[in-house]
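Taken together, the values in this text are just the output of simple stated rules run on the coordinates, not laboratory data. These figures come from a predicted structure and were not determined experimentally. Cβ atoms come from the backbone with ideal geometry, glycine included; neighbour counts cover every protein chain shown.
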Amino acid sequence: MSEYSAWDWGIGSRTVADLSECDCDVEWREENQVSPDGEKVAAVVKTGDGEFSVCVNNTCWEPRYERIWYLRYSPDGRLAGLACDGDWTLCVDGEPWEETYGFLFNTLFSKDGSTIACCVADSMTYGMVVEGVAWETLYPNANNFELSADGKRSAAVVQTVPLGQAEVFKFKEGIYSVAVDGEAWDTSFVNVWTPRFNADNSSIAAQIRHTLFDYTIAVDGKPWAENFNQVWEPIFHPKKNSIAAPVRLSGKWGMALDGKIIWQPTFFQVWQQQFSPSGDKLAAIVCPNYGRWTLAVDGNPWNTTFGDMVMDMTFSPDGKRLAALGKQDGKWTVFSDDKAWNSHYDMCYAPVFSSDSKHVAARVEKNGRFTIAVDGKEYGQGFDQCFDPTFSPDGSRILIRAIVDGKYQRIVESVAKIIG
């Protein structure tokens, strides 16, 4: 959280930009994006016939392009957009990469934002571009793109065997693998999904399908010895090279660690598992009874359940608390520590813990208005739009980035004042 310490945490509200103003002619303005520190608001703008730019705090990028899309702020506050001027490139704070490509999509950032990558399609082949450098080998099919947390490695599921029309037997023999930094594993499988790196990027695991009916996890191209009826996305332990993945046996779901069952298959569903930051706990979204959803920690389900959906599970920084979103009868709420907030909303967004793990906040929507709620208590003002909250490093204040009446506001409020 130390990177947040340099931000302005003085309590108060100020208008950063009037969204109706820009130093270039604007025919229309697209979806607004705001920087992590709340100091900038940006959007793609149409400035003329077949001409687009990006307006940041009322100032346009000087280059003009035929099209700009997928505008995103990186975690370190840089602004990246995919831009077309015949061919495609990526612009960072208005500066384009030197190389151009047939098409670019799906911008990815390292955890600290220092590395930017995206996916490339060129002459009917596909792969990744990292900091403007494309993989040497591109493939006839690539998907499930992944950038390591430090940005030094990239991976994707790729098609390694050409497949003609009606060549179903070739498909059954296995045509998919994982390419790491553009180099494919030696082994191919019927299907591969969700490659994930370990903590130091020395290893990568993915879901695979051996045959039409047998699924397991492959690590650096080597499958687990055990097969299952089905598997979901694997994750590495944060401190070890152990891998946990939900697995299905005899119609029920459990959890396997390095191929061995650690949660007995008693659930109707288990997925989106996470280790706590230290790795001493393993949690997942589970369906313990048909049509009821909750969280389970180390295989033990919570009592608070929801009939529609549970999503966006997250551990607190100290690993002692867990929060997620729950939906019941079309209404959303946040629940943590096996207890739901009393308030219900038309929509909630991913919960965020304070760095001291004492508070949890979320962006919420009710009757077309948005605000921030902390520990179940709402900030006093509603907005036309707002963005996910950020706690100050000491957890005592919260940053609210919001748009109201055509103006983008940056607000810092005391957590104690919100929760009362």
Residue that is more than 23 Å from the chain's Cα centre (by Cα) and surrounded by 18 or more Cβ atoms within 10 Å (Cβ to Cβ), where the choices are 256, 245 = 256
Output for the stretch 341-368, where each listed residue is surrounded by 19 or more Cβ atoms within 10 Å (Cβ to Cβ) and more than 14 Å from residue 391 (Cβ to Cβ) | 341, 345, 348, 349, 364
Within the stretch 239-267, residues within 19 Å of residue 202 (Cα to Cα) and of a type in the set (Ser, Thr, Tyr) come out as 242
Give me the pairs, please: first residue somewhere in the stretch 99-113 and touching a residue at least 12 places away in the same chain (Cβ under 8 Å) and over 10 Å from residue 83 (Cα atoms), second residue anywhere and of a type in the set (Ser, Thr, Tyr) and part of a loop (DSSP other than H, G, I, E, B), beta-carbon distance under 6 Å, and either six or more positions apart or on two chains.
-> 109/74; 113/74
Would a scan of the stretch 176-194 turn up a residue that is closer than 20 Å to residue 272 by Cβ and assigned to a loop (DSSP other than H, G, I, E, B)?
-> no
Across the stretch 305-320, which residue is nearest to the chain's Cα centre (by Cα) among those that are part of a loop (DSSP other than H, G, I, E, B) and surrounded by 18 or more Cβ atoms within 10 Å (Cβ to Cβ)?
-> 316
Taking residue 296 and the conditions (1) within 20 Å of the chain's Cα centre (by Cα); (2) within 30 Å of residue 395 (Cα to Cα); (3) among the small types (Gly, Ala, Ser), which numbered condition does it fall short on, given that it satisfies the others?
-> (1)
Given (1) within 20 Å of residue 315 (Cα to Cα); (2) surrounded by 15 or more Cβ atoms within 10 Å (Cβ to Cβ); (3) of a type in the set (Ser, Thr, Tyr), where does residue 278 come up short, assuming only one miss?
-> (2)
Run residue 394 past the list (1) outside any strand (DSSP E or B); (2) more than 27 Å from residue 274 (Cα to Cα) and report the number of the one that doesn't hold.
-> (2)
Find the residue count for the stretch 340-358, including only residues that are part of a strand (DSSP E or B), of a type in the set (Phe, Trp, Tyr) and within 16 Å of residue 310 (Cα to Cα).
-> 1
Scanning the stretch 369-393 for residues that are more than 18 Å from residue 333 (Cβ to Cβ) and surrounded by fewer than 19 Cβ atoms within 10 Å (Cβ to Cβ), the one nearest to the chain's Cα centre (by Cα) turns out to be 385
Scan the stretch 149-162 and give yes if some residue there is under 25 Å from residue 218 (Cβ atoms), surrounded by fewer than 16 Cβ atoms within 10 Å (Cβ to Cβ) and touching a helix residue (DSSP H, G or I) at 6+ places or on another chain (Cβ under 9 Å), otherwise no.
-> yes
Neighbours by Cβ (under 9 Å, 6+ apart or cross-chain): first from the stretch 210-229, more than 15 Å from residue 185 (Cβ to Cβ); second part of a strand (DSSP E or B) and among the basic types (Lys, Arg) | 215/209; 215/248; 226/260; 228/248; 229/248
Contact list, first residue from the stretch 392-417 and farther than 18 Å from residue 377 by Cα and free of Cβ contacts under 8 Å to residues at least 40 places away in the same chain, second anywhere and in a strand (DSSP E or B) and of a type in the set (S, T, N, Q), beta-carbon distance below 9 Å, six or more apart or interchain, is 404/385
Looking only at the stretch 104-141, and only at residues there that are within 23 Å of residue 65 (Cα to Cα) and among the hydroxyl-bearing types (Ser, Thr, Tyr), the one that is surrounded by the most Cβ atoms within 10 Å (Cβ to Cβ) | 107
In the stretch 244-285, what count of residues is obtained for those that are in a loop (DSSP other than H, G, I, E, B), closer than 12 Å to residue 299 by Cα and of a type in the set (Phe, Trp, Tyr)?
-> 0
Note on residue 302: of the conditions (1) surrounded by fewer than 18 Cβ atoms within 10 Å (Cβ to Cβ); (2) closer than 24 Å to residue 246 by Cα; (3) over 23 Å from the mean Cα position of the chain (by Cα), unmet is (1)
